[in-house]
Number of protein chains: 2
Amino acid sequence: MSAIFNKGDVITNNYFTGTAYLKMLVPEGTEFNCPIGNVTFEPGARNNWHTHDGGQILLVISGEGYYQEEGKLAQKLHTGDVVTIPANLKHWHGATKDSEFVHLAITTNPQKGGTNWLEPVSDEHYNAL
Amino acid sequence: MSAIFNKGDVITNNYFTGTAYLKMLVPEGTEFNCPIGNVTFEPGARNNWHTHDGGQILLVISGEGYYQEEGKLAQKLHTGDVVTIPANLKHWHGATKDSEFVHLAITTNPQKGGTNWLEPVSDEHYNAL
């Protein structure tokens, strides 16, 4: 599978399990008020549970992944899926065990704040999906 | 080339030359303040010159197209290109003569207004590109 958008660099913060890459396509702090990142998860990689102060939109570019809101079953995501994540809703997203997963992530209403990172998605939780 | 996002329906307004399709992935008027459309231009199709009150971002998904700002040369666009269009800047976009062209179009700062449609890109202008 050839990538559409630039893959960028390995994410080195502590809010991911496994290996993921980020390329900011539109940076924060512009007149557009619309930061956009291209995120690539290797198989098995996922981010921690987290919330967004102003919400987020995910646009799935390739591969298969998961999106899970707290208290609900994980949803499987495929190429072309669109996920709208309301402000302050605890959730996580990432790849399936067997597939790379690429999505665009758009920070909505960035004037309301950023991302609040919480605990990792444990291996026990993830492996039971 | 298989489509990533839903192609949607033929655009029937008078602001396009040739055949183009639109699928709104995220509608106007939501809490996200981030309308997103998937636009597919058949070869030779393009929109009229226009401006956006709050700007627009284009993310090129597939094919080859053009983006031109008033008073500048047209830029050729390819898969993976990102175009940030400032508010109130007169411009147009569309396919090349020989390629389908698909881009996501994100309306930025929608609270500032919408799109102001102007004159068509003439065949004389387009065919000279």
Given (1) surrounded by fewer than 22 Cβ atoms within 10 Å (Cβ to Cβ); (2) of a type in the set (A, V, I, L, M, F, W, C); (3) not in a strand (DSSP E or B), index of the condition B:C34 fails: (1)
Hits in segment A:1-57 - residues which are over 12 Å from A:F101 (Cβ atoms) and of a type in the set (D, E, K, R): A:K7, A:D9, A:K23, A:E28, A:E31, A:D53
Some residue of segment A:37-44 being touching an Asp or Glu at 6+ places or on another chain (Cβ under 8 Å), part of a strand (DSSP E or B) and of a type in the set (G, A, S): no
Output for segment B:1-31, where each listed residue is of a type in the set (V, I, T) and assigned to a strand (DSSP E or B): B:V10, B:T17, B:V26
Test for B:A20: is it surrounded by 18 or more Cβ atoms within 10 Å (Cβ to Cβ) and either in contact (Cβ under 8 Å) with a residue 24 or more places away in the chain or within 11 Å of chain A (Cβ to nearest Cβ) (or both): yes
Top-ranked residue in segment A:45-69 [being in contact with a Gly (Cβ under 7 Å, 6 or more places away or on another chain) and surrounded by 19 or more Cβ atoms within 10 Å (Cβ to Cβ); ranked as nearest to B:G37 (Cα to Cα)]: A:V60
For A:P110: the one exception among (1) touching an Asp or Glu at 6+ places or on another chain (Cβ under 7 Å); (2) over 25 Å from B:I36 (Cα atoms): (2)
Residues of segment B:89-129 that turn out to be under 14 Å from the mean Cα position of the chain (by Cα), among the polar types (S, T, N, Q), surrounded by fewer than 21 Cβ atoms within 10 Å (Cβ to Cβ) and within 14 Å of chain A (Cβ to nearest Cβ), as a count: 0
First in segment B:59-72 and without any contact (Cβ under 8 Å) to a residue 24 or more places away in the chain, second anywhere and in a strand (DSSP E or B), Cβ under 7 Å, 6 or more apart: B:E69/B:H91; B:E70/B:H91
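FYI, it's all coordinate maths here, none of it is from the lab. Bear in mind the structure is a predicted one, so any value in this text is a computation, not a measurement. Cβ: placed from backbone, ideal geometry, glycine included. Neighbour counts: every protein chain shown.
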